[in-house]
Amino acid sequence: MNFFKLHKPLVYKYKPIYYDPKKEALKSREQSAKDGGEVKVDNGEFKSSIRRGSFREMAEKNKNSKEVQNRQSNVRLIVILMILIIIAYFLLK
């Protein structure tokens, strides 16, 4: 007679897996800096792969992309405002 026998709860064996994208990106940047960031010369010294004018080129590239993003943002803002004005007009009509 199992009148007073209680059932034990099921055991859930959960092993959390943490994924940190920032940490993974940092590791990949460190590895690329170790491998591709520097070029080894014949005599055993390291020579940087940064050449003259590369920072200026990157700045111009980023400037152009920022201008495009600003333009797209402004267009989206105008479209949203127009839609809100039309909705308000029909609600108040």
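Straightening the chain between Ile86 and Phe4 buys 22.5 nm, computed as 0.36 nm per residue apart minus the Cα-Cα spacing. Using the Cβ-Cβ distance between Lys22 and Val79 with R0 = 22 Å, the FRET efficiency computed as 1/(1 + (r/R0)^6) comes to roughly 0.05.
Only the coordinates and a few stated rules stand behind these numbers; no lab work does. Computed from a predicted structure; not experimentally measured. Reconstructed Cβ throughout: ideal geometry from the backbone, glycine too, with neighbour counts over all protein chains shown.
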